[in-house]
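Here is the structure we will look at, set down as C-alpha cells.
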Amino acid sequence: MTEQTKWDEWDTYMWVIAHPDDAEFSSAGTIARLAKDGKRIVIVQVTSGDKGTPDHTIPSTALASGREVEEKDAADVLGVDTVVYLRCTDGELVPDLSLREKIVRQIRTFKPDVIVTHDPFRPYALHPDHRACGFAALDAVYPTARDPHYFPEHLQDGLEPHKTAEIWFFNAEQPDLIVDITGTFDAKIASLKKHASQVGDGIEMEKRVRERNAEIAEGQPFELAEAYKTVQMRR
Ligand SMILES: [Zn+2]
C-alpha cells in the first residue's frame with residue numbers, strides 16, 4: 001500500500017461500475033483481499049449489460065437478467081456483501097442529475113469510506129458508459145452526497161448526507177496505489193469465469209488478465225497487481 005490511502009482504517013468499500021464484469025476485470029484481486037480482511041464490499045452495477053453480445057437473437061432482457069446472475073455469482077466468489085442493480089440502459093449512460101441521484105442514494109444508504117470507479121479522465125479510447133459512470137460517481141461523492149440540500153427528498157426516506165473519505169479510480173493513466181494480488185489472483189480468475197456470457201471457457205481471458213496484472217506489477221516486489229489513482233476527500 002502507498003501511504004496516501006488509509007486502507008486499514010476503512011470499513012466499507014463501494015464499487016460503482018458501468019457493466020457486469022467491470023469490477024472483476026479491474027479489481028477482483030483487491031476485492032478478495034479486502035473481503036478477507038473483513039471489510040464490507042458493495043458493488044453498484046449501473047447497467048446490467050443488456051447490449052453485451054454480438055448475437056442479435058438474444059433478447060436484451062434475457063441477456064440482462066442472465067448477466068445479473070453472473071455478477072452475483074462472481075461477487076459471491078470474492079466475498080462481496082451486496083450487489084445493487086440500478087438497471088440503467090447499457091450504452092446510453094450520461095453523467096446527468098438523474099444518474100447522480102441514483103448513485104447518491106446508494107452512497108447515503110451504504111455510507112462507504114471508499115468509492116472505487118472508472119477513471120473518467122483517462123484520455124482516448126474510453127467507453128462512453130465508463131466515462132459517464134466515473135464522472136457521475138465522482139460528482140455524487142463531492143459535493144452532492146455530503147450536503148443535505150442536494151436531493152432533500154432522501155431525508156424523508158431516512159437517508160442522511162454522507163462524506164466519503166477516498167475515491168479510487170481504476171484503469172488510471174497515473175496510478176499511485178499498487179495492490180499486490182498475487183495471493184488472490186486465483187479468486188479473481190474464478191470470479192471472472194462466472195461471467196460465462198463474456199469470457200466463454202475463460203482460457204484466453206486468464207492469459208490476458210495475467211499478462212495485464214503482471215505488467216502492472218513490474219518493478220514491484222510481487223508478481224501480480226491491480227492499480228488505482230487515489231483521491232483523498234476532506235471529511
Ligand atoms: Zn464496462
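Descriptive notes on the structure:
- The stretch 36-53, residues that are buried (at least 20 other Cβ atoms within 10 Å of the Cβ) and not in a strand (DSSP E or B): 48, 49, 50, 52
- For the stretch 191-219, the set of residues classified as within 17 Å of residue 76 (Cα to Cα) and surrounded by fewer than 17 Cβ atoms within 10 Å (Cβ to Cβ) consists of 196 only.
- Residues in the stretch 99-137 that are without any contact (Cβ under 8 Å) to a residue 24 or more places away in the chain and hydroxyl-bearing (Ser, Thr, Tyr): 1 in all.
- Residues within the stretch 1-27 that are of a type in the set (A, V, I, L, M) and under 13 Å from residue 70 (Cβ atoms), tallied: 1
- If the condition is being among the small types (Gly, Ala, Ser) and away from the ligand (no atom under 16 Å from the Cβ), then the stretch 9-37 contributes 29, 32, 35.
- Lone qualifier among 19, 56 - being over 13 Å from residue 191 (Cα atoms), touching a residue at least 60 places away in the same chain (Cβ under 8 Å) and either in a loop (DSSP other than H, G, I, E, B) or over 13 Å from the mean Cα position of the chain (by Cα) (or both): 19
- Reported count of residues in the stretch 123-143, each being at pLDDT 95 or above and either within 16 Å of the ligand (Cβ to nearest atom) or surrounded by 20 or more Cβ atoms within 10 Å (Cβ to Cβ) (or both), is 14.
- Residues that are away from the ligand (no atom under 14 Å from the Cβ), in contact (Cβ under 8 Å) with a residue 12 or more places away in the chain and not basic (Lys, Arg), drawn from the stretch 38-52: 41, 42
- Verdict on residue 107 being surrounded by fewer than 20 Cβ atoms within 10 Å (Cβ to Cβ) and away from the ligand (no atom under 16 Å from the Cβ): no
- Any hit, the stretch 80-88, residues being within 13 Å of the ligand (Cβ to nearest atom), at pLDDT 95 or above and under 28 Å from residue 153 (Cα atoms): yes
- Within the stretch 155-177, the residues that satisfy the criterion of being in contact with an Asp or Glu (Cβ under 8 Å, 6 or more places away or on another chain) and surrounded by 12 or more Cβ atoms within 10 Å (Cβ to Cβ) are 161, 164, 165, 166, 169, 170, 171, 172.
The values are calculated or read from the model by the stated rules, or taken from the named source; none is laboratory data. Nothing here was measured: the structure is a model prediction, and the numbers come from that model. Reconstructed Cβ throughout: ideal geometry from the backbone, glycine too, with neighbour counts over all protein chains shown.
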